[in-house]
Amino acid sequence: KSLEEDENSILSCMPQFWTSQRRELVWDGGWLEERLGRESQDINTIMEDDNNKRRRRSKRSSKKIDPWSVAIAASRANFLPDFRYSLTPMLDMFNHDSMATTRANVILASKNNDDDNNDQVKEEMLSLRVNRLYEAGEEVFISYGDLTNLDTLVDYGFVDKQNTQNKESIAVRMLRYPTTIATIDYDGQIDSGAIASLRQLFANDVEVDQAHARLRGEQENGVRNDVTVSPSTSTTTTMSLFARPISDRNEEEVFSLLASALDGDMDEARTGAKEASLPHINDELVVDYLTARANHLEKALKLIAKKYPEFGY
């Protein structure tokens, strides 16, 4: 490919180069836009700091960031075990598989010196090992890390539809209360911190007192020694008080709200995928991303429906 063709290929798959119309196809609760905005802000902060240093050292004009160069570096470079940032020839030709266990380390290897003495010299080499054998002619995969679908979409321009490391987030909203962000693991489990926060929001005074009494009793009996409980709720963390269910009523309220949020976001993603698959659009990358998100959220919804079939999901 020519440089222009290669550039166009990168621009077509990395969301930071998409048109606003294409980004509007991504009905994922706003997580892609939030991620792109955060990364753009981070890059601008770095460039501003660098330009300030340049102005202090000399009178040269400030640099301007080249988005294409940033994309090339981010998608081709890798972090070495000693935290160095490296462009490693050939490494960027390996494709990603979330199920590939990849071990990387830098080793010192001997090689012949280029002079006529053929002296042995030590040279750093990057060693990669994967957890399976490959046949001749079979494609070798490595893992780029424990990346979500949002990570791979933004940083590399692809989506792994069977990504075992994927996590999805939903925003759980209630009137007059702060938004709670819940993260859903690959198996459909909802993060315990979000559940604890929601238990606290729905707890009445009696349930809060009971939660304090339970923790105090556990501490006195030597069951828990990692929490200091005082009469003031502000000195006991939410996670400590509400890590476990505090009442059937509270638990039903919490998971009813979570089920509603999951159902809404799942429906949004499926609708977006259907829209992006229309013949006049046919955006396979967006379809894959949204379909994987919807399927992921459905796992969590099914777990709640199994526990609370009366919710009707």
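So, of the residues in the stretch 130-151 that are over 30 Å from LEU257 (Cβ atoms) and open to solvent by less than 50 Å² (accessible area, probe 1.4 Å), which turns out to be farthest from the chain's Cα centre (by Cα)? Show your work before the answer.
Of the residues in the stretch 130-151, the ones over 30 Å from LEU257 (Cβ atoms) are 130-145.
Filter once more, so that each one left must be open to solvent by less than 50 Å² (accessible area, probe 1.4 Å): 130, 142-143, 145.
Working: VAL130: 23, ILE142: 18, SER143: 15, GLY145: 11 Å.
Of everything passing the filter in the stretch 130-151, VAL130 is farthest from the chain's Cα centre (by Cα).
Can you tell which of SER75, SER110 is more than 30 Å from ASP267 (Cβ to Cβ), assigned to a helix (DSSP H, G or I) and either modelled with pLDDT under 90 or of a type in the set (Gly, Ala, Ser) (or both)? Break it down into steps so the answer makes sense when it comes.
Values: SER110 fails: assigned to a helix (DSSP H, G or I).
Checking each option against the conditions leaves just SER75.
Within the stretch 146-157, is there a residue that is in contact with a strand residue (DSSP E or B) (Cβ under 6 Å, 6 or more places away or on another chain), without any contact (Cβ under 8 Å) to a residue 60 or more places away in the chain and β-branched (Val, Ile, Thr)?
no
For the stretch 1-41: of the residues being open to solvent by 80 Å² or more (accessible area, probe 1.4 Å) and more than 24 Å from GLU268 (Cα to Cα), which is modelled with the highest pLDDT?
GLN41
Rundown of residues vs (1) over 13 Å from LEU25 (Cα atoms); (2) open to solvent by 30 Å² or more (accessible area, probe 1.4 Å), yes/no style:
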residue	(1), (2)
ARG249	yes, yes
ALA269	no, no
LYS274	no, yes
SER277	no, yes
ASN282	no, yes
VAL286	no, no
ALA292	yes, no
GLU298	yes, yes
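Can you work out which of the residues in the stretch 74-95 that are within 21 Å of GLU39 (Cβ to Cβ) and polar (S, T, N, Q) is surrounded by the fewest Cβ atoms within 10 Å (Cβ to Cβ)?
SER86
Report every pair of residues separated by at least 6 positions or lying on different chains whose Cβ atoms are under 6 Å apart, first residue within the stretch 201-213 and closer than 16 Å to ARG176 by Cβ, second open to solvent by 50 Å² or more (accessible area, probe 1.4 Å).
LEU201/TYR177; PHE202/GLU253
Restricting attention to the stretch 300-313, report how many residues are open to solvent by less than 70 Å² (accessible area, probe 1.4 Å) and over 18 Å from the mean Cα position of the chain (by Cα).
Of the residues in that region, 6 qualify.
Looking at the stretch 250-285 only, could you name the residues that are under 27 Å from ARG199 (Cβ atoms) and of a type in the set (Ser, Thr, Tyr)?
Correct list: SER256, SER260.
May I ask you to list the residues in the stretch 152-188 that are in a strand (DSSP E or B), open to solvent by less than 30 Å² (accessible area, probe 1.4 Å) and β-branched (Val, Ile, Thr)?
Those that are in a strand (DSSP E or B), open to solvent by less than 30 Å² (accessible area, probe 1.4 Å) and β-branched (Val, Ile, Thr): ILE170, VAL172, THR180, ILE184.
Tally up the residues in the stretch 189-218 that are under 19 Å from THR148 (Cβ atoms) and not in a loop (DSSP other than H, G, I, E, B), please.
The number of residues fulfilling the criteria is 4.
Residues checked against (1) among the small types (Gly, Ala, Ser); (2) modelled with pLDDT of 95 or more; (3) touching a His at 6+ places or on another chain (Cβ under 9 Å); (4) closer than 23 Å to THR179 by Cα:
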site: THR237; (1), (2), (3), (4): no, no, no, yes
site: GLU251; (1), (2), (3), (4): no, yes, no, yes
site: LEU285; (1), (2), (3), (4): no, yes, no, no
site: ALA292; (1), (2), (3), (4): yes, yes, no, no
site: GLU298; (1), (2), (3), (4): no, yes, no, yes
site: LEU301; (1), (2), (3), (4): no, yes, no, yes
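The values are calculated or read from the model by the stated rules, or taken from the named source; none is laboratory data. Everything numeric here is computed off the predicted structure, so don't read it as measured data. For neighbour counting, all protein chains shown are included, and Cβ atoms are generated from backbone atoms with ideal geometry for every residue, glycine included. Surface areas here come from the heavy atoms of the whole protein model, side chains and all, with no ligands, DNA or RNA. Shrake-Rupley method; radii C 1.70, N 1.55, O 1.52, S 1.80 Å.
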